[in-house]
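What follows is a set of notes on a single structure, which appears directly below.
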Amino acid sequence: MPTIAIVGAGPQLGLAIARTYGTHGYNVALTARNRARLEDLVGELTAEGISADAFPADVLDRAALTQALKDAAAHFGGIDVLEYSPVAGLQTVMTTPAATEPADVQHEMDFQLYGAIAATRAVLPAMREAGAGTLLFTTGAGSVDPVPQVANVNAAAAALRNWVINLHKELDGTGVQAAHVAIDVSIGTPAIPGFPAAQPEEISPVYWDLHTTKRDEAELVFSL
């Protein structure tokens, strides 16, 4: 069975992506910081007949993240798809452009860009050797059209977007697909009144499409 590894797996989008791939016969490797929460997700998926297991790691710990993905590959016999979408949550204080200091961006760079690079380096060599694989990276739509209230987060997300699109170009012709997904909605409930929202199950199919029928696309913006 092929395997998807979801880094930053949570009960909303991560779980929905797991279900989308799991119902297509994929093993699911879940990675995030909290082992107990991961095991709850594994329990949900297993109860639905989906093969899943937990591989805890903090994306800020490069060695631990690399080892978790290597453990997942050993456990399932390889990783065919990597999806990277951790959320920093309350660890980041949002800043406007004029109020931003280098330190305000550094944590988000560590979390978004550098974590994504570490995860990619853990799985890409085997994909290149096999001549097949998919690398998917998620940000908010502020990576494409930035919002002043979250300038530091947008800056790091834009850096990740730039790197992913460049990776897509580099991997052209190798059989390995890299793509960026920018989500221009709140997931579940609106972040602010009146802002568009979509359920995770409405968003997750785009990750399957990029892996299967849209492999030539470097980016997809999800909006309503």
Pick from Ala47, Ala197, Ala178: which is most flexible by mean-square fluctuation in a GNM of the chain where alpha carbon atoms under 10 Å apart are linked?
Ala47
Kindly provide the helix-only [θ] at 222 nm of the chain, computed as the sum of -39,500 (n - 2.57) over DSSP H runs of four or more divided by all residues, to the nearest 500 deg cm²/dmol?
-13000 deg cm²/dmol
Taking Cα atoms, how many degrees apart are the long axis of helix 13-22 and the longest axis of the chain, rounded to 10 and kept between 0 and 90?
20
Segment 44-88 to segment 149-224: how many Å between their Cα centroids?
20
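No lab work stands behind these numbers, since they all come straight from the coordinates. Everything numeric in this text was worked out from a predicted model, so none of it was measured.
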